[in-house]
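For reference, the structure discussed in these notes is given below.
The values are calculated or read from the model by the stated rules, or taken from the named source; none is laboratory data. Computed from a predicted model, the values in this text were never measured in an experiment. Backbone-built Cβ (ideal geometry, glycine too); neighbour counts: all protein chains shown. SASA here: full protein model, heavy atoms, side chains in, ligands and nucleic acids out. Shrake-Rupley method; radii C 1.70, N 1.55, O 1.52, S 1.80 Å.
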Amino acid sequence: MEISTSILSVKKEDAVQTFYNIEVAKTDYFHIDVMDGKFVEQNTTEFMKESAQTIEHISNIPLDVHLMVEDAKKYAEEYLLFNPGFITVHVESKNSKEALEIIKQEGIKAGISIKPNTLVEEIKEILPYVNLVLVMTVEPGLGGQKLILETVDKIKELHDYRIRNNLDYYIEADGGINLDTIDLIKEAGADIAVCGTAIINAEDMKQTIKELKK
Ligand code: DX5
Ligand code: ZN
């Protein structure tokens with residue numbers, strides 16, 4: 001299991017020090033939650049852009065960009081400049097297919113994400129073309145929410161579908177994942193777990209990441 005640490009709950013005042021601590025704690029990715037104030041109420045565009053810039057300068061750990069925005073194409077173009085490991089767009093955004101094309105053309109791994117009420121059925125036709133599927137295990141918008149149990153079935157469904165159809169996308173789960181819930185998503189077949197508050201608020205980030213990876 002790989003761990004992608006969400007920086008959504010990082011405090012602006014000590015952001016650079018926290019990014020450094022996350023790197024030392026051996027995260028596999030930095031998860032960048034871009035919210036435009038339209039797709040979700042929250043707006044993180046400024047903080048995420050600054051943070052992506054900073055992390056790209058100080059770290060070799062890949063960025064895992066999660067675009068919770070209406071205009072996926074616009075933000076995909078913006079984040080391509082940071083040479084991220086992944087850019088993931090929501091199928092519920094207005095131009096997700098166009099955005100996926102642009103991301104792939106630039107040689108960056110492209111992901112598709114589904115909100116808790118969106119069915120796997122709705123992305124089946126694009127599964128052969130994506131490198132990653134991000135299953136939202138909470139409603140997008142805020143860190144520190146409780147994992148919605150019903151969403152775990154979609155991870156299992158994507159896992160079985162991948163085997164049956166000989167596909168090779170990564171499965172990532174995002175929201176409410178901590179030491180108590182990580183086994184659920186692992187057993188369902190997720191490859192990458194996004195963890196925000198479980199890591200950011202931990203007393204010992206390194207120990208927490210180590211335990212999450214077990
Ligand atoms: C929610 C974000 C998540 C969130 C995870 O909209 O996409 O990445 O920050 O935070 P936790 O792990 O605290 O649920
Ligand atoms: Zn996220």
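Spread over its residues, the convex hull of the C-alpha atoms of the stretch 1-95 is 95 Å³ per residue. Estimated from the Cβ-Cβ distance and a Förster radius of 45 angstrom, the FRET efficiency linking E139 and Q105 is about 0.90. In the stretch 2-213, a dipole from Cβ-located charges (positive for Lys and Arg, negative for Asp and Glu) runs towards its positive end, and of S9, H66, Y129 it is Y129 whose Cα lies farthest in that direction. Our helix-only sum for the chain, with -39,500 (n - 2.57) per DSSP H run of n ≥ 4 divided by its residues, gives a mean residue ellipticity at 222 nm of -10000 deg cm²/dmol. Counting only Cβ charges, +1 for Lys and Arg and -1 for Asp and Glu, the dipole size of the stretch 92-136 around its Cα centre is about 100 debye. Between the C-alpha center of the stretch 139-214 and that of the stretch 43-73 there is a gap of 20 Å. Sorting D28, D183, D64 by accessible area puts them as D183, D28, D64; the probe is 1.4 Å, largest comes first, and only protein heavy atoms count. F39 exposes around 30 Å² of accessible area when a 1.4 Å probe is run over every protein chain in place. The largest accessible area among T197, T181 belongs to the first residue in T197, T181, and the rest follow in falling order (1.4 Å probe, all chains). The Cα-based radius of gyration of the stretch 2-213, divided by its Kirkwood radius, gives an Rg/Rh of 0.93.
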